[in-house]
């Protein structure tokens, strides 16, 4: 049987439970709420249908077909609302009547300082859920967004010029207004979910690499192998071999992480928009390049690999100057915070778009940091030999329940 740190290093499967807990704490949120609510779900379904029917962009002649689609949806609504007894009893027999009733009620609520009538609220939700109301709303919003896009683009260019922004940014904004992808059907919600999921994935890739490689050269130094290596010419070059092996290990681990994390994300259906341009009807910043969403995902994967390899090189470099298993985690924590929680989150905040350099440059997301500290404490114990329990005692470690309470308390204070 090996010692605790031998098991931690030789059996990478021990990292999967930690990764599962991290996934449940952070990235899983963006899977569960990939389409948050019935409106977003309907918008995703309609955009998916339009991509299948019209292709990655919605051209002006195809936009005209949405008028007839809206008329069909309103006719279907008129038939559906008559099947709701409460609506029929209130005299709501068609779309126009319901729309007028809803507007009058919402105006009354606003005038009465938000005093809602529960019976009316129930009736509204009954109609929302029993008809194609959300399809009509999405169609109307999409048509309005499409029809006003040219004016919005012109206003954005004008604002950039008035603010004295770089000519490159002004030129790029003007170019996007007339590009082939100006009417792309890629939803802004898909781009936002990709960004937030990617942030958490970048943090995990760096954290897992730091945890995997931290004890490697420390163990060699404690066992006296460094001194023996320096006795021979070949041994003095062993650090280059170890660095190469560490980079290959980090590369393999990151590829595994990417594949595991890609499964639940791609299961939500974002690849339906793979051929759509990053810019489009629903603007989301000004992208630097005319990439499609599929190309964008591949570039993000390359960015994850680069971050992981950089973290691996720094981890091995710090590991060779650590004299024991306590010193290395003390170096690993600031390394992870700098490379993962700060640099990784900043790079993945609207990447490859024109933005303020301060966007996403938050020192540390408090919840991520607190939970990461607990995971590092756990792994630091794994690095210690069973015969020399010199690390934190059990009473100083938070239990899982206490950890959750700590995170919740921090979240309330934020």
Practice problem: Could you tell me whether any residue of the stretch 147-160 is outside any helix (DSSP H, G or I), out of contact with any strand residue (DSSP E or B) (no Cβ under 7 Å at 6 or more places or on another chain) and within 20 Å of residue 288 (Cβ to Cβ)? | Solution: no
Quiz item: Looking only at the stretch 102-120, which residues are closer than 23 Å to residue 76 by Cα and touching a helix residue (DSSP H, G or I) at 6+ places or on another chain (Cβ under 9 Å)?
Solution: 102, 120
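Looking only at the stretch 60-98, how many residues end up being in a helix (DSSP H, G or I) and within 14 Å of residue 133 (Cα to Cα)?
Within the stretch 60-98, residues that are in a helix (DSSP H, G or I) and within 14 Å of residue 133 (Cα to Cα) number 18.
Could you please let me know if residue 47 is outside the structural domain of residue 275 (by TED's automatic domain parsing) and not in a helix (DSSP H, G or I)?
Against the criterion (outside the structural domain of residue 275 (by TED's automatic domain parsing) and not in a helix (DSSP H, G or I)), residue 47 does not qualify.
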Practice problem: Give the stretch 263-289 a look and list any residue that's farther than 24 Å from residue 46 by Cα and out of contact with any helix residue (DSSP H, G or I) (no Cβ under 7 Å at 6 or more places or on another chain), or say none. | Solution: 287, 288, 289
Quiz item: Looking at the stretch 170-180, is at least one residue in contact (Cβ under 8 Å) with a residue 12 or more places away in the chain, in a loop (DSSP other than H, G, I, E, B) and within 21 Å of residue 70 (Cβ to Cβ)?
Solution: no
Quiz item: In the stretch 290-319, what residues are modelled with pLDDT of 80 or more and assigned to a loop (DSSP other than H, G, I, E, B)?
Solution: 291
Exercise. Could you pull out the residue among 128, 105 that is out of contact with any strand residue (DSSP E or B) (no Cβ under 7 Å at 6 or more places or on another chain) and touching a residue at least 60 places away in the same chain (Cβ under 8 Å)?
Key: 128
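The values are calculated or read from the model by the stated rules, or taken from the named source; none is laboratory data. In this text the structure is predicted, and so the values were computed from the model without any measurement. FYI the Cβ positions are ideal-geometry reconstructions off the backbone, even for glycines, and counts take in every protein chain you see.
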